Structure formats: C-alpha cells, structure tokens
Amino acid sequence: MSGDVASPPSPAPKVYLIDDELDILQILRDVVELSGLEVHCFSQADAFMKEIQCFEGNNILILDLQMPKTDGIEVIRHLAKTENPPDLILISGQDSAVLSGAENLAVAHSLVVLGTLEKPLSITRLRSLLEPQAVIRGRRLRGNIKSTADDYSAQELREALDLDQFCLHYQPKEELVLSGTSKYSAECLVRWRHPTQGIIYPDRFIALIERQGWMPDLTSIVLQQAIGQQHQWQEEGLQINLSINISASDITSLTLPEHISRLLADNALDTTEITLEVTESELMGELTTSLDVLTRLRLKGVRLSIDDFGTGYSSLLQLFRMPFSELKIDQSFVSKMVVDLEALAIVKACILLGEQFQMRVVAEGVEDQATKELLQELGCQAVQGYFIAKPMAAEQLRPWLALQLAS
C-alpha cells in the first residue's frame with residue numbers, strides 16, 4: 001500500500017509440539033522439519049509448561065487437546081497468562097464441536113489460532129498452516145495481532161484529528177451477482193498518516209479514540225473525505241458505491257441523517273451511492289435512538305449494512321426491526337468455510353437469512369479461489385478480501401479497476 005513503512009522480514013517461527021501419542025508426535029515433527037522450521041517436542045503438557053517459561057520472537061504451538069493429566073484447554077488457559085504467547089494450531093480426535101469450542105476459547109483469551117486439525121491428520125492441511133503467508137493471514141483474519149495503541153498518547157491523537165492527518169484507503173468488493181450495478185464497489189478504511197512513522201493502521205489508534213469520545217470527530221473526517229473523493233471520481237467518469245463505517249456513537253446521533261444529506265448534496269451525489277456499515281455488536285446500545293437514526297437514513301435513500309454479522313448478540317427480532325439493506329458475513333466464518341463444516345453451516349445460514357430478509361449479502365475475508373467459488377454457488381452477491389484486492393490509496397483504485405474491467 002502507498003505510504004506503508006517497510007519492515008524487515010520476520011524470522012522463521014519456532015514450533016513446539018505437544019501430543020501424548022508418540023507416533024503422531026513423530027509425524028508432526030517430520031512435517032515441521034521438512035518445512036524448514038526449528039521444532040521442540042513434548043509428550044506431556046505439564047512438562048512443556050514447566051520447561052518453557054517465556055517465549056521470544058515468533059512461535060507456533062501445535063497442541064493436542066485430549067491428553068492425560070494436563071489437557072489442551074488447561075494449556076490454553078496457561079498461555080493466556082504468558083507474555084508473547086505462541087500462535088496455535090489445535091488438534092483433536094474428538095468431533096468438530098470440541099475443536100470449535102477450544103478455538104473460540106483461545107480467541108476469547110486473545111490468542112491467535114492459525115487453524116484446527118482433526119485426527120486422522122491431514123498432512124497437506126498441516127503444511128499449508130505452516131506456510132509463512134498462512135501464518136500472517138491467520139493473524140490478520142482474526143484481528144489478534146497485538147495492538148500497540150498505548151504507544152500513542154491522547155494528545156498525539158487529538159493533534160492528528162485537528163491537523164487532518166487521517167486518510168482513507170479503499171478495499172474493492174467484487175460483485176458476483178450483477179443486477180444493474182457495476183462490477184466493483186469499495187469499502188473506505190481509515191489510516192493515520194503519521195508525520196514520522198508513515199501509515200498507521202486503525203488497530204493501533206481506534207480504541208484510544210473511542211475511549212476519549214472522539215469517534216464523531218473521526219467519522220466526520222472520514223465522511224468528508226469519502227464523499228469528496230467520490231465526487232472527484234464521478235467528475236472523472238467513475239461511478240462506484242462506497243461503504244463507510246460508522247460507530248455506535250454515530251448511530252445514536254440524531255443529527256447524522258441531516259449531516260450526511262448535506263454532504264451528499266454539496267458534492268452533487270445521490271444518497272444511493274454510499275452504504276453505511278454498522279457493526280452488529282454496536283446495535284445493542286440505545287436501540288430506540290438507533291432505530292430512529294437508521295430508519296431516517298433509509299428514508300433518505302442511504303443504504304445500510306450490518307457488519308461482522310454472526311459475531312454479535314442481536315436476535316432475529318432485532319434484525320427484523322432494523323432497516324438494513326445489506327448483511328456482511330464475518331471473515332472468521334468465511335475464512336474457514338472450505339475446511340470447517342460448522343463455519344460453512346453458519347455461512348449458509350447467513351446467506352439464507354439475507355434472502356429471507358431481502359438483504360444483499362457480502363462475504364468478507366475471502367482469501368482464495370475455492371472460497372470465492374463456493375460463495376458464488378451458495379448465492380452470495382459480493383465478496384471482499386485479499387484474494388480480490390488489498391486496501392489501496394485513492395490514486396491506485398482507478399487504474400486497478402481499469403485493469404480488472406479490461407481483463
């Protein structure tokens with residue numbers, strides 16, 4: 001991406017193995033060594049926890065859940081209390097629900113789970129999880145790369161807001177089912193253009209901005225930049241729908257519909273040319289005020305998308321009450337749907353739910369051709385993810401679109 005700070009390549013991870021079945025342990029060791037990685041084996045979990053007191057650099061732990069004495073769940077609980085815990089690959093001979101439960105527990109403890117394996121083991125699947133790009137992708141998809149938001153003070157962020165140091169990158173979405181729309185749309189993603197450190201991603205500053213109560217200020221900047229950029233593109237002959245994320249504080253602001261209408265009118269844009277994305281979990285606040293604001297936005301013609309669907313706690317009744325026109329399936333399900341039957345079932349249910357509520361369905365976190373094709377077979381209307389395109393600066397989007405449409 002334009003303006004990104006170049007970083008040195010990360011060293012190859014060290015791999016720890018824990019499995020009480022010695023033949024399985026040997027197979028795992030052989031696979032890891034053939035992948036060119038350093039490996040350390042343990043047949044007992046308590047021996048691992050006693051010997052390895054701290055972790056330095058990048059590490060991966062391949063962990064069997066069902067073991068005598070100390071089981072894998074106890075290991076997960078232990079790792080949650082350690083500094084720089086390893087990324088996990090979980091193994092079990094139990095049914096998939098056990099693996100899913102353990103994975104959810106690890107994620108709840110802010111651990112990174114690269115993937116899961118059922119016994120008998122798939123060597124091909126294990127090798128794919130150990131590939132460097134799979135390790136990076138696994139961390140990114142689960143949003144668990146450790147945040148360093150505390151590196152920045154509230155004063156620095158306030159100055160960044162006042163000095164207009166934030167900019168937008170745009171991640172394309174590919175339409176799988178065309179119905180009078182263009183082949184591509186895009187989501188606006190905010191970045192901090194730090195004066196000395198280059199581009200800073202939102203996982204390093206959003207939490208502090210929220211704690212300070214400055215999200216309305218950031219949202220105002222994002223709306224102005226997105227709508228202004230869309231106006232410029234329209235004058236150049238490019239019409240593309242943009243999705244803009246808004247926060248819980250935004251959807252309880254009674255002045256938001258007028259603010260957006262005024263911005264669109266000032267830039268000679270139609271209200272149908274933007275989509276506002278609201279995370280599902282953020283709907284659980286002041287439901288009455290949110291319903292007021294969201295309904296008025298729809299009355300003005302603005303499209304509304306419920307983001308990260310499946311990860312929050314909204315009931316079907318609440319979904320029915322809210323006037324959404326689009327449903328985005330969370331990437332944590334999409335990224336695993338080809339290899340995980342439970343994730344696939346959730347994705348299928350979300351697509352069916354979207355059809356029943358007459359909502360457009362978008363899948364985020366698409367990382368390969370197989371996932372894209374399966375989503376298309378299931379009737380998903382649009383896909384988004386690194387397989388389609390990474391987020392890019394405004395000046396990169398137009399030539400990228402021209403290249404895609406020409407091919």
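Nothing in this text is a laboratory measurement; each read-out follows from the coordinates by a stated rule. This is a predicted model, so every value here is computed, not measured. Cβ placement follows ideal geometry from the backbone for every residue including glycine, while neighbour counts extend to all protein chains displayed.
Between GLN66 and GLN404, the contour length at 0.36 nm per residue exceeds the Cα-Cα span by 116.9 nm. Extension gain, SER153 to GLU21: 0.36 nm times the residue separation minus the Cα-Cα distance gives 42.5 nm.
With N the number of residues in the chain, Rg(Cα) / (2.2 N^0.38 Å) evaluates to 1.05.
For the chain, the dipole from Cβ point charges (+1 on Lys and Arg, -1 on Asp and Glu) about the Cα centre works out to 460 debye, to the nearest 20.
For the chain, the relative contact order works out to 12 percent when only alpha carbon pairs closer than 8 Å and six or more residues apart are counted.
Considering only trypsin sites (Lys or Arg not before Pro) in DSSP loops that have at most 12 other Cβ atoms within 10 Å, the longest stretch of the chain without any of them is 147-407. Remark: the stretch 200-214, residue by residue, has Karplus-estimated 3J(HN,Hα) of 10, 7, x, 5, 9, 9, 4, 4, 5, 4, 5, 4, 7, x, 9 Hz, where x stands for each Gly or Pro and the curve is 6.51 cos²θ - 1.76 cosθ + 1.60 at θ = phi - 60°.
Close lysine pairs were tallied over the chain: pairs 8 or more places apart or on different chains with Cα atoms under 19 Å apart number 21. On full extension, the segment bounded by HIS40 and GLN356 gains 108.6 nm, given 0.36 nm per residue less the C-alpha separation.
Shown is the FRET efficiency for GLN369 and ASP266, computed with R0 = 35 Å from the Cβ-Cβ distance and rounded to the nearest 0.05: 0.25.
Taking loop as defined by DSSP and a crowding limit of 12 other beta carbons within 10 Å, which GluC sites (Glu not before Pro) in the stretch 211-279 fit? Within the stretch 211-279, the qualifying GluC sites (Glu not before Pro) (loop, at most 12 other Cβ atoms within 10 Å) are GLU236. Report relative contact order for the stretch 21-121 in percent, whole number only (criteria: Cα-Cα under 8 Å, sequence separation at least 6). Over the stretch 21-121, the number comes to 22 percent.
Net charge in the neighbourhood of GLU38 (other residues with Cβ under 13 Å of its Cβ; Lys, Arg +1, Asp, Glu -1) is 0.
Projecting the Cα atoms of THR295, LEU344, ILE27 onto the dipole axis of the chain, where Lys and Arg carry +1 and Asp and Glu carry -1 at the beta carbon, places THR295 farthest toward the positive end. For the stretch 69-139, applying the loop criterion from DSSP together with a ceiling of 16 other beta carbons within 10 Å to the GluC sites (Glu not before Pro) yields GLU83.
Modelled spin-label separation between HIS109 and LYS390, with each label point placed 7 Å from Cα along the Cα-to-Cβ direction: 3.2 nm. Between the alpha-carbon centres of the stretch 163-227 and the stretch 77-127 there is a gap of 32 Å.
Please say if the stretch 14-142 is rounded, prolate or oblate, where rounded means a/c under 1.5 for a ≥ b ≥ c the square roots of the C-alpha gyration tensor eigenvalues, and otherwise the choice is prolate for a/b larger than b/c and oblate otherwise? Verdict is rounded for the stretch 14-142.
Per-residue Karplus couplings for the stretch 93-99, computed as 6.51 cos²θ - 1.76 cosθ + 1.60 with θ equal to phi - 60°, are listed in order as x, 6, 6, 4, 5, 5, 4 Hz, Gly and Pro entered as x.
Amide hydrogen proximity for LEU304: with H placed 1.01 Å from N in the peptide plane, the residues at 5 or more positions away or on another chain lying under 5 Å are LEU276, SER325, GLU326. Label-to-label distance, GLN94 versus ILE123, with points set 7 angstrom from Cα along the beta-carbon direction: 2.8 nm. Computed from Cα positions, the angle between helix 287-299 and the longest principal axis of the chain comes to roughly 50 degrees. Restricting attention to the chain, close to 30% of DSSP beta bridges with both partner residues there are antiparallel. For ASP217, ASP330, the sequence from fewest to most other C-beta atoms within 10 Å is ASP217, ASP330. Put simply, the amide H of GLN239, placed in the peptide plane, has no neighbours under 5 Å, leaving out anything fewer than 5 places away on its chain.
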